[in-house]
Amino acid sequence: MILKWNNNMELGIPSIDDQHKNLVEMCQKAFEWTKEIEEGVDYYDQISQMLESVKEYTIEHFEFEENLMKEAGFEQLLEHEVEHSFFVKKLDRLNKRDYDEPQEQKQFILNLSQFLFDWLVHHILETDKKYVDTIKRD
Ligand SMILES: [Fe+2]
Ligand SMILES: [Fe+2]
């Protein structure tokens, strides 16, 4: 499993690229964490905390992007916002019961880090890429 920043994800807008890199790093860290998970230890609180900070940072990033798009008068803003809010809802729907039991926590984090990473890469390459010209022109 490779959860790594790839230069083709770079949009050429430094503030945004930095935020995307931080998000990738959060996925990587979550993945790396699974190597230290010990059997019989309950990581429930740490997982909740991790989810909370991922969500917080993601929302911050989405707002930042949406403001730039708004200022630049980007025409597909609405579609983009829908994708963002759909993803936040997905994060909200992650069920506490899915990582309630210590024996399922490692797999939960593995699945989560892969899911976050895949979504992020796809969103950057397919959706974020669309605003680049408009924002750079602005
Ligand atoms: Fe983004
Ligand atoms: Fe976006």
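Readers should treat all values here as calculations from the given coordinates under stated rules, not as data from a laboratory. Note that this is a predicted model, so its numbers are computed, not measured. No Cβ is skipped: glycine too gets one built from the backbone with ideal geometry, and neighbour counts run over all protein chains shown.
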* **Charge dipole magnitude, Cβ of K and R +1, D and E -1 - the chain, Cα centre, debye nearest 20** => 280
* Structure fact -> Diffing region 80-89: the Karplus 3J(HN,Hα) column from phi (6.51, -1.76, 1.60, θ = phi - 60°), in whole Hz with x for Gly and Pro, holds 5, 4, 4, 4, 4, 5, 4, 5, 4, 5
* **Positive-pole candidate from HIS80, GLN105, ILE47, dipole of region 14-137, charges at beta carbon** => HIS80
* **Percent of Cα-Cα distances greater than 25 Å, calculated over the chain** => 30
* Asked: In whole Hz, what ³J(HN,Hα) sequence does region 59-72 give by Karplus (6.51, -1.76, 1.60; θ = phi - 60°), x for Gly and Pro?
  -> 4, 4, 5, 4, 5, 4, 4, 4, 5, 4, 5, 4, 4, 7
* Structure fact -> Placing each pseudo-label 7 Å from Cα in the direction of the beta carbon, SER53 and GLU32 end up separated by a distance in nanometres of 1.2
* **Loop GluC sites (Glu not before Pro), region 1-67, which have at most 12 other Cβ atoms in a 10 Å radius of their Cβ (DSSP)** => GLU36, GLU38, GLU39
* Structure fact -> Scoring the chain by relative contact order with C-alpha pairs under 8 Å, at least six apart, yields a percentage of 42
* Asked: By the scheme Lys and Arg +1, Asp and Glu -1, what is the net charge of all other residues having a beta-carbon under 14 Å from that of LYS35?
  -> -2
